[in-house]
Structures are given as C-alpha cells and as structure tokens.
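Presented below is the structure to which this report refers.
The values are calculated or read from the model by the stated rules, or taken from the named source; none is laboratory data. Just so you know, these numbers come straight off a predicted model, no measurement behind them. When we count neighbours, we look across all protein chains shown, and the Cβ atoms used for this are built from the backbone with ideal geometry, even at glycine.
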There are 2 protein chains.
Amino acid sequence: MLEAALTYARDHRDRHLTLLIDLLRMPSVSTLPEHRPDIERAAGWLAEHLRTIGLSRVQVIPTDGHPIVFGEWLGAGPQARTLLAYGHYDVQPADPVGEWHTSPFEPTIQGENLFCRGASDDKGQLMAVVAAAEAYLETGRRLPINLKIVLEGEEEVLGPNLAELVRRRRDLLAADAVLICDEAMADRETPQILYGVRGNLYLELEVRGPAHDLHSGTYGGAVDNPFNALVHLLAQLHDPVSRRVTVPGFYDRVRPLSEAERALLAQVPATDEVTCHLTGAPALAGEVGYTTTERASVRPTFDIHGMPGGFTSKGHKTVIPARAAAKFSMRLVPDQDPREIAGLVESYLRSVAPPTVNLIIHNLGMALPAVIDYQAPAIQAMAGAFVRVFGKPPVYMRSGGSLPIVREFQDQLGVPVVLTGFGLPDDSAHAPNEKLHLPTFYRGIETLIHYYALLASRG
Amino acid sequence: MLEAALTYARDHRDRHLTLLIDLLRMPSVSTLPEHRPDIERAAGWLAEHLRTIGLSRVQVIPTDGHPIVFGEWLGAGPQARTLLAYGHYDVQPADPVGEWHTSPFEPTIQGENLFCRGASDDKGQLMAVVAAAEAYLETGRRLPINLKIVLEGEEEVLGPNLAELVRRRRDLLAADAVLICDEAMADRETPQILYGVRGNLYLELEVRGPAHDLHSGTYGGAVDNPFNALVHLLAQLHDPVSRRVTVPGFYDRVRPLSEAERALLAQVPATDEVTCHLTGAPALAGEVGYTTTERASVRPTFDIHGMPGGFTSKGHKTVIPARAAAKFSMRLVPDQDPREIAGLVESYLRSVAPPTVNLIIHNLGMALPAVIDYQAPAIQAMAGAFVRVFGKPPVYMRSGGSLPIVREFQDQLGVPVVLTGFGLPDDSAHAPNEKLHLPTFYRGIETLIHYYALLASRG
C-alpha cells in the first residue's frame, strides 16, 4: 500500500505539477476586493478536485469573508487515527509588480523552480497534501488513516472565519492531530518542524495636524508637521541600539528562553552569512543578547511596513500634509496577548504625543502566539517520515510568522498541531519572485505518503 | 493720467476677471511632465496678451525647461525709471484632488472669492501687474515709467532657467528696481512688504536594506527594516522639544536676530489664535525662544513632505520593504548656503546611519535665502502706493517661502527688489481650494497704478 502510493506519486509528477499550475493561475489575493472572483474560482476548483480524488462531504462553506473548502475520507474506520490537514488557498498581493522577473500570476518554470505568487505559500504545499492522499486512493482505494482537509481563503488577511468554524463545527473538524503544511525547511536537505508561531498585532497610526495641507514656506516652523511628529512617535516605539520595543510592559509576559530551548534552536543550521546571502541585507540586526535564530522565532519584533500620506510622487512639493500615517506590526510571542499589547501601545503613544497633533490608531489585525509540545507522537511520526525521505531527522524551530489558527486548533480541538512544510528559505514568500523548488515539492509528497502510514501506526 | 488709469481699472473689472479666468483654465503644473502642453499654451496666451495691451519686443523665450515670457514698454524714455516686473505662470499640482470643493482647474466664483489652482499663486497677481499697465496704455497711451515684464514657468519647481537668463541677458532685463507680486498681505486691510525670503534645500533620503522585500514573519527581528532605520534617521535630524535642526553646524551661518528687527516683526498683526484658525492646527509649535512670526520668517525649518516605499494600500501586508524613502526640505535663512547645508546633512546622516542599511541622498532642489533693504526708495514708493489705496502703511516681514530669483535679481542686476502682493493668508496657496479674494485683486490693480506713478517721481 505504501510502496504503491510512492510509485504512483513518482509516476504522476507531471500531473501534480499541471494541477498546481492550474491553481496558481487564479490570482486569489485575499486582501484586495477586486480579486474576490478569483478567490471564489479557486475555492470551487479545489472542491471539485477533492471530489475527483475521492473525498466525501466536499463543500465550499460560505463565511462572512472568503469561503472555506472542506472534504474528508473516513474509510479507515472509527478505530483509526484521524488527521485534519490544513492549507490556505489565498495569497499575498503581487506588488511591487515591477520587481518580478516573470508575470506574478503566470506560473513559469525556470530550472528546478516554479515561479508564481502562491507557489510556496501555500498552494504548492496544500497540493502536496492532496497529492499524497490521491496516491493512496488511486492505488489502493484507501488511506491508512481518516483524513479531513480544510482549506481557508483568509490566512493572509488574518481573517476570523476559519477560527469561527473551528469553534462552531468541532463535530466536522474533530481529529487526533492537525497537520499544517505552510512552512519552509531549514535548507534543501534539512527538514524542519515548527513547535510554535509568533502572534501579531498590526496597527495603523494616523497623525492629524492642520485641517488641510499647508504651504511649508508660509507655515513651516510655526505649524507642526504630522510627518515630523509621526517619525518621532515611531522612533520612540523602538530603540535603535538595543533594538527592543520601548513600550512599557511590552515584555512583561514574554516567556524567558530556557537553556534547553536555546540548545534546541542552536541546532537550526541557519547562519548569519546564509541569511545575509538570502536577503541581500548589508548586515543583520536584531535584539541585543539573542542569536539570529532566536530573534526570528522566540523574540517579539517591530516592523514598519509603509507610511501613507503627503506627497510621494516625483518632483518636489513643499507641503505640510494635513495627515500622515504609518502601517506597522509587532510579532508577539507566548504569552503576549495582542489585545493587551494594543492597549499598551495606544496608551504609550498618547502619553508621548505632542499637543500639536491628534492621533487615531486603527487596529488592522491580531493573532495569538502559540507553543507546541514537539514530543507528541503525532509530531514524532512526522519526524520519522522526514528520516525516511531526507535521511535525517528534522530540526526543531519556532516559526517567526503568525498562524493564528494554530492556537485555535490547540484550544478548540485539544490535539497536537504538526506545523511543517516543504518551502525553502529562498522561496520569497510575500515578496517578488516567489517560487517553489520542484524537487522538494515531489519529496514533500513522498514524505506525506510516509506520514499518513506512520501516523496510522504510531500517532 | 493717474486718475484716468484708475477710472479705467474700476470700469474694466469684468474684463480683468474674464482674462484671469481664461489663464486659470490652463493647468500649467510645472512639476508634472503631462502638463507640458498646458505650460506652452499658457506662455503663448500671455505673450499674445502682452502684445494686445501694447508691449514691444514680446517673446516666448525657450529654455532647457519651461519657456519665459517677456515684453516691455520703454516709451518713458532713457531718463525715466525702469521697472522689471516679475511673475510666474506655473502652478502647484492640485493633489489631493479629493479635498477640493470645486474642480481645481475650473475657475469658480463663490461670494467674493475666485477658486482655482493658481488663482492667488501667482496668476491673479501677475494679471494685476499687467492690468495696471493696460490701464495707463489704454487711457493715455503711455506709462509714467519704462516697464519690463518677465514671467517664468518654473517657480514651483525651483527651475534654474530664469536665473540663467538673468545672468546671460542683463541687457534685456536691466532696470532700476524689480517688482515681485507673489505674496500675501498680512490681512485684508494690512498691506505687507517682504524684505527677505528663506532659501530651501529639498532632499530625498532613500534607505536600502535587503535586496528584495521580505516576509516580516520570517525575517522580522533579524534583518533591519529600512523604514525602522529611516524613522530613526529622520528623528535624529530634528529635536522634538527644542524643535531645532540637530545637524552639527546647521545654525553656524544664521544671522542673529537684532532687537530692532524683532520690534519690526512684532508689528505684523498675525496672532497665534488667527494662525490656528486659518490652519485648523490643534496647537502651534516651533523653535523655542521665537515668536510664531519669527519662526515662520527668519528662522530655518525642517519639514517632511512624504515617505514613499513599502505597502501603503488598504489592508495589511506584513512586509519588510527593500527600500524606504523620505522627501523633506529645510527652509534656510541668511547666510545659510543650501550647498553647504546639503553637505552637512549628508555627512551627519552617514555618521549616524547603522551598518545594516545603505543610504542614497538625492538633492531635489536648492534656493538661496535673501534679505533686502526695505528703506530703498523703490520700496518706499510701494509703501506710499499702499497708503493711498489701503489708508495705512504696510507692515514689514520676511517671507517664509523661497523665491530664489530674489537673490539672483539682487546679485545680477544690483537693484532693490520690491517683494509684495495681494494674496491673503487664507488663500490656500499650494493646498486644496486655493482662491483669490476679488476685492483685494481689484485694490491690487489700483495700488499698482499708484506705484507706477510714485516710482516715476520718487523711486
């Protein structure tokens, strides 16, 4: 059964690539309303595909936002293990479009890589999960486990609707373990299991000064400039030397890092040199007292994403703009709570703001951080699958990104979450020229075929 | 001769308004290449109009940038005084267009005001200069002085071409005094003569970090964020408490403010209350130790105009952008030199920048500051004209804006520059809903008719 499935997967790589390309062509950008039809189309396509490979109860579940695709195969019987496999079919926007070397939504193979927005995050990975199931169903008409697949369309916008479904439909989603394939390996030869995720708090700080734009010749020096005030406010949120967030109370709930965990994280093979090479950064930077791996995983962050307002075209307009804004986010770690942090940030900003401007603070999204016991059998079964395909056990890391659904699965279903994936660190997820390394995609399918078998016996 | 001209002006207000409306309809935005045809059209229209009222040697002088319109009437003879009257027919961009209550380039009369981009800055004012000349030429076929009119199309972009012409064609432009009508009165009843202008240095600071945009989950905390670095750099240029520029050496050449000049400036009727009302600012702000009038005229400034880069659309994209930029300018005062200040700013920024980013500093424009001896006869003649029309002498102020041509006229022609105007403080020059107060426009024409006569006898 296992061998037949593996052989099928190797013989049908072209089919799985073709299916992925079809899915990638749909620009299912969840944050842009104009792509709503593409979201609908991708959801419908996925439901049809799950039906085709033999899943039951397949449905496109409408929500207040983007729909959720569900399907299951429960033929292993009530005594067998049940795995809930999660993926997301929505993608990040393609901008800045000018920096792509290929058309962002025209899947293009160059060498071993497939370039397209969503190739790695997460369409390639969710299609690996489905392909592994197909390999069993096409060769032996059965899987070694019961499998439920749930695919959301709001991961990139921190949408609340899958969490809502998890809370409302525990009957539908109940399982013995959850698998989330939406992450990168440590490098091409080193698999990785993530035993946690950072949370997130995404704010927009708007500073309002004069009622309308003013001439900086007439009023410069006399009327406060909202951008001048804004840069001072932002500079006061983050210390440039310690590189710590300076909001009082911000670190109060951050769990101290144990020596055991430091030792575990030290096994992650990333080096500063490799990270500089991957990113092109002139030099790395981060919180004093922590390694690069720790800074990118178990420590909170502060990042400004963009600063709308004023005059940003070519040329020079000498204007004091009526308003200036900054979009910024903070990655949070256990046990920080984004709601509490939002309150701390707002109080602090209001306490340091000058009386010459007014502040408006918009909360654009929140996600809870999580940690997972990586020694749970369902997770160690995945470690075993990696050994079979990659010849070595995975490293254990905490994800620097935010997957709020991890915490929901933990809290609502009460089962271990296997957070892993077959992306690579140079996939440029969320950036121009996102790609999927195809040999790793195919190894991913085989790893999942092994995983379904190992979970049946050991999970 | 004087009375006939005044009567003509009063009888032809509708004609002068209609002509101004025709000129305003041409959106001669000098900073936007797509408006180049409108620039050409406005220049041609003005040349034709100068010919119509009886000027000689009228020409549209091509330059490397936008053309200069010239015309003269030298019938007063070589013994008479010659005035060079300056204006600019280019205008600021209309954005943010959404904040206009009328269409920005459709002149619209509401009550006593004419709304249109350029109505006050400077088309209304240059047309007053021309209308006053027309009043003499139509009624007595002669002016009491020789008059040269020069109209440039690059004032709003700090273009170099008029200065080039002044240097190259002193023969064409030679005069006994220069009149620049491009300023505002202190209020509706208080005329104002500006005895100086601030200089300007407009820079764009670009901060480059990683080679491409990165996912802030994967790299947040480990790779420096160009916007994080940029806000710290900007915050270090300007102290939020003293509100002084913190670049070493910045104030070294600033002339100390004498008690006599403080007393002169104290006569300017602007109050903080009125300025708050005009601007809608919650409270005024400025350099410690100076009055609002002083801060807006004789002291240098620092203003951020916009911060291009990163993600500024709706929604939330968790990106570490590859680059971030800030457009900012500093108004300069005698004897600061923008070239020297540019060097100081660049050295300082490079000395405080972290090694985790690279800086690129673009110089987008420079203008020299100037001071003028307001007791010169040609300036006191204008004071006399104001007394005749407004019933009181003007206040004396230094302009907070930058008119680099003031310094060029001083240095190249060696004559006094009469810098004044008939705008009002609430005209919203450079902002949405720019307007011209029509009763003041008509009083301006009469003041200029008096000025030409007084200059003949006293200037």
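Restricting the search to the range A:183-206, which residues are of a type in the set (Val, Ile, Thr) and within 11 Å of chain B (Cβ to nearest Cβ)?
A:VAL197
Condition (residue is under 26 Å from B:LEU203 (Cβ atoms), surrounded by fewer than 23 Cβ atoms within 10 Å (Cβ to Cβ) and out of contact with any strand residue (DSSP E or B) (no Cβ under 8 Å at 6 or more places or on another chain)) applied to the range A:279-292: is it met by at least one residue?
Checked the range A:279-292: at least one residue is under 26 Å from B:LEU203 (Cβ atoms), surrounded by fewer than 23 Cβ atoms within 10 Å (Cβ to Cβ) and out of contact with any strand residue (DSSP E or B) (no Cβ under 8 Å at 6 or more places or on another chain).
Going residue by residue through the range A:74-82, is there one that turns out to be within 14 Å of chain B (Cβ to nearest Cβ), surrounded by fewer than 16 Cβ atoms within 10 Å (Cβ to Cβ) and either more than 26 Å from the chain's Cα centre (by Cα) or among the aliphatic types (A, V, I, L, M) (or both)?
no
Could you please tell me which pairs satisfy a Cβ distance under 9 Å, a separation of 6+ or placement on different chains, a first residue in the range B:412-437 that is within 11 Å of another protein chain (Cβ to nearest Cβ), and a second residue that is among the aromatic types (Phe, Trp, Tyr) and part of a loop (DSSP other than H, G, I, E, B)?
Filtered contacts from the range B:412-437: B:PRO432/B:TRP100; B:ASN433/B:TRP100; B:GLU434/B:TRP100.
Specify the residue that is surrounded by the fewest Cβ atoms within 10 Å (Cβ to Cβ); the eligible residues are those in the range A:372-390 that are touching a residue at least 12 places away in the same chain (Cβ under 8 Å) and more than 13 Å from A:TYR195 (Cβ to Cβ).
For the range A:372-390, the residue satisfying everything is A:PRO377.
Could you please find all residues in the range B:94-121 being of a type in the set (A, V, I, L, M) and either assigned to a strand (DSSP E or B) or not assigned by TED's automatic domain parsing to the domain that holds B:CYS181 (or both)?
Result: B:ILE109, B:LEU114.
Can you tell me which residues in the range A:429-459 are farther than 15 Å from A:PHE386 by Cα and crowded, with 23+ Cβ neighbours inside 10 Å?
Listed by number, the residues that qualify are A:ALA429, A:HIS430, A:ALA431, A:GLU434, A:LYS435, A:LEU436, A:HIS437.
Residues that are assigned by TED's automatic domain parsing to the domain that holds A:ASN113, more than 28 Å from A:LEU344 (Cα to Cα) and polar (S, T, N, Q): find the strands (runs of 3 or more DSSP E) completely inside the range A:158-238 holding 1 or more of those.
A:192-194
This table checks each residue for (1) surrounded by fewer than 24 Cβ atoms within 10 Å (Cβ to Cβ); (2) more than 20 Å from B:LEU403 (Cα to Cα).
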residue	(1), (2)
B:ASP11	yes, yes
B:PRO27	yes, yes
B:THR31	yes, no
B:ASP38	yes, yes
B:GLY44	yes, yes
B:PRO67	yes, no
B:VAL91	no, no
B:HIS101	yes, yes
B:GLU112	yes, yes
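For the range A:132-147: of the residues being buried (at least 24 other Cβ atoms within 10 Å of the Cβ) and touching a Leu at 6+ places or on another chain (Cβ under 8 Å), which is nearest to the other protein chains (Cβ to nearest Cβ)?
A:ALA132
Quick one: would you say A:TYR219 is at negative phi, aromatic (Phe, Trp, Tyr) and more than 28 Å from the chain's Cα centre (by Cα)?
yes
Only helices (runs of 4 or more DSSP H) wholly contained in the range B:239-350 count here; list those with 1 or more residues that are facing chain A (nearest Cβ under 8 Å) and under 27 Å from A:PRO354 (Cα atoms).
Because the criterion is at least 1 residues that are facing chain A (nearest Cβ under 8 Å) and under 27 Å from A:PRO354 (Cα atoms), the helices (runs of 4 or more DSSP H) in the range B:239-350 that meet it are B:272-279, B:292-295.
Taking the range A:122-158 on its own, how many of its residues are under 15 Å from A:GLY87 (Cα atoms) and in contact with a Ser or Thr (Cβ under 7 Å, 6 or more places away or on another chain)?
Number of matching residues: 5.
So, in the range A:302-335, of the ones that are farther than 30 Å from B:LEU284 by Cβ and basic (Lys, Arg), which residue ends up surrounded by the most Cβ atoms within 10 Å (Cβ to Cβ)?
My answer is A:ARG331.
Select, from B:ARG253, B:ARG299, B:ARG295, B:ARG244, the only residue that is among the basic types (Lys, Arg), under 26 Å from A:ARG208 (Cα atoms) and surrounded by fewer than 20 Cβ atoms within 10 Å (Cβ to Cβ).
Of the residues listed, the single one that is among the basic types (Lys, Arg), under 26 Å from A:ARG208 (Cα atoms) and surrounded by fewer than 20 Cβ atoms within 10 Å (Cβ to Cβ) is B:ARG244.
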